[in-house]
Amino acid sequence: MTQIDQSLALLGAAEAAERIARGEITSEELVRACLARIEDIEETVQAWTYLDPDHALAQARRADETRQAGMGLGPLHGVPVGIKDILDTHDMPTEQGTPLQAGRAPKRDATMVALLRQAGAVIMGKTVTTELALYAPGKTRNPHDPERTPGGSSSGSAAAVASGMVPLAVGSQTNGSMIRPASFCGTFGYKPTHGLISRTGVLPQSRVFDTLGVYARGIGDIALMAEQVMTYDAGDPDMAPRGWPRLVATAAQQPPVTPALAMVKGPAWDQAEADTRAAFAELAEALGEVCEEVELPEVFANGITAHRTVYCADIAVSLAAFYTRGKERLSDVLVGMVEEGQRCLAVDYKHALEWRDVLNAGLDQVFERFDAILTPAAPGQAPRGLEATGDPVFCTLWTFCGTPAISLPLLNGADGMPMGVQLVGPRGDDARLLRTARWLVEKIGATAAPSNS
């Protein structure tokens, strides 16, 4: 039997792809290492809802045969990726975190999955999502402490990357479902500008807010994976033809001038825990003159209430079929949101949407002076208990406005649990946001390290 080098599971995606391309390691060796890591800790973390080791290894062998034949290799050739179980996969079930979809077998890949395959990635398996990507938790536990939540709804993806099971994973965000799990699990989580990644073949919640994103263990890997999937898809009504993003090249550059950061406490600051308040005070002091506290006008609180109005109304429509045929098998929180949305008046929905332009105009003024906004990713450390996924309130405003955001594992709380720092950038300028994030990580130092509790 071939000896498995489990240290390979901890390679970053870019390094792994380069070593596979040079013939220093094989994709099969990498995938076997990840499978061994999963076997060791999955019982504790429970990040996967579908995993077929034989199928993963078969993909890896095909990747190795392609390289050996001298054929062209994609930027992610042979690298395993976890896929949140709301994205369709033609060769794996997509059950969306609900028994109402048990055994669902799509015939086509979601566009993002197809693009990952085109880039050479090995689709490792499907990671756990909360119920229909809302608030009722799945089985996943926090890899740093199994008695705490990993966050949601992209719980399995964040935990899988944070615990060293795979170097990359896909998540999604309609409120705080990318950024919050990244913060709680202590890994990098990136939510792009709304409309940059196709959502064709993905469970819809709200067209206005739904955004796919990336988990990885470093900025370079975030940029590498995201760049491969930012391809125009006419099937997604919120995408537009645009130039190919230069995320990798830009993120790797040193900023031409020292970035200026606006520390924004935001309308939810009264919900920040003591650890968060103290940590951000220390962070501001460490950054010195490059960081200036900026107070947003009180009207920005309307973004949080407006998000709720639009979110619930959209869910009432997009999840109507589940509510109609199986209300008794849905969680109370999901049923409550659907019924709240059913009561929403058209005039209230329209007025809520109008706040996006108002608030983005205000943010544009902030970004005229600052490269990025620095703000908490969550109220504090991952809460104890597995009955809920934590409060997304520190993500809501940025999701409402459609701005890009990234959670960086720069802080720890009093219990030693990770706490993310959220950087928010101007809409459409994702490359600069990643460059600023890389600068900040190098200045402060990330605390991320694979953990299995």
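Quick note: the coordinates plus some simple rules give every number you see, no bench work behind them. Source: prediction; values computed, not measured. Counting neighbours? That spans all protein chains shown, and the Cβs are built from the backbone with ideal geometry, glycine included.
Counted over the chain, the DSSP beta bridges are approximately 70% antiparallel. Once you reduce segment 78-101 and segment 239-263 to the center of their Cα atoms, the two points are 31 Å from each other. Near the amide H of Asn412, within less than 5 Å, lie the amide hydrogens of Met419, all on another chain or at least 5 residues away, with H placed in the peptide plane. First select every other residue whose beta carbon is under 11 angstrom from the beta carbon of Gly138; then total the charges, Lys and Arg +1, Asp and Glu -1. Summing Lys and Arg as +1 and Asp and Glu as -1 gives 0. Farthest towards the positive end of the charge dipole of segment 210-273, among the residues Ala251, Met263, Ala223, is the Cα of Ala251, using unit charges on the Cβ of Lys, Arg, Asp and Glu. Counted over segment 134-212 with a bin width of 10 Å, the fraction of Cα pairs per bin, in whole percents, is 21, 51, 25, 3.
Counting only Cα atoms, the size of the chain along its three principal axes is 64, 56, 46 Å, in decreasing order. Across segment 375-421, the relative contact order, built from alpha-carbon pairs under 8 Å that are at least six residues apart, equals 43 percent. Please compute, over every Cα-Cα pair in segment 222-328, the percentage with a separation greater than 23 angstrom. In whole percent, the long-distance tail amounts to 64. Note on segment 18-106: Rg/Rh from Cα positions, Kirkwood definition for Rh, rounded to two decimals, is 1.03.
In the chain, the DSSP-assigned H stretches of four residues or longer account for a calculated mean residue ellipticity at 222 nm of -12500 deg cm²/dmol, using -39500 (n - 2.57) per stretch and the full residue count as denominator. Using only alpha-carbon positions in segment 364-453, the gyration tensor eigenvalues give semi-axes of 25, 17, 10 Å once each is multiplied by 5 and square-rooted (largest first).
Label positions at Glu39 and Arg369, each projected 7 Å from the Cα along the C-beta direction, are separated by 5.8 nm. Candidate membrane-span-like segments in the chain, meaning DSSP H helices with Cα atoms spread over at least 18 Å of their own axis and a Kyte-Doolittle mean of 0.0 or above, are 274-287, 301-318, with no membrane implied. Putting +1 on Lys and Arg Cβ atoms and -1 on Asp and Glu Cβ atoms, find which of Pro450, Thr396, Ala352 reaches farthest to the positive end of the dipole of segment 320-450. The Cα lying farthest towards the positive end belongs to Pro450.
The dipole here belongs to the chain: it is taken about the Cα centre, uses +1 on the Cβ of Lys and Arg and -1 on the Cβ of Asp and Glu, and is about 880 debye.
Of the peptides 433-440, 405-412, the ranking by mean beta-carbon count within 10 Å, highest at the top, reads 405-412, 433-440. Between the alpha-carbon centres of segment 357-385 and segment 391-452 there is a gap of 10 Å.
Run the numbers on segment 110-163 and let me know its relative contact order in percent, using alpha-carbon pairs under 8 Å that are six or more apart. Answer for segment 110-163 is 30 percent. The shape of segment 163-291 can be summarised by an equivalent ellipsoid whose semi-axes, obtained from the alpha carbon gyration tensor, come to 28, 19, 16 Å from longest to shortest. If you count Lys pairs in the chain whose Cα atoms are under 22 Å apart, skipping same-chain pairs closer than 8 places in sequence, the total is 10. The H on the amide N of Arg148, modeled in the peptide plane, is under 5 Å from the matching H of Asn142, Gly385, each at least 5 residues off or on a different chain. Give the relative contact order (percent, whole number) for the chain; include only Cα pairs under 8 Å separated by 6+ residues. Once divided by the residue count of the chain, the mean separation gives 18 percent.
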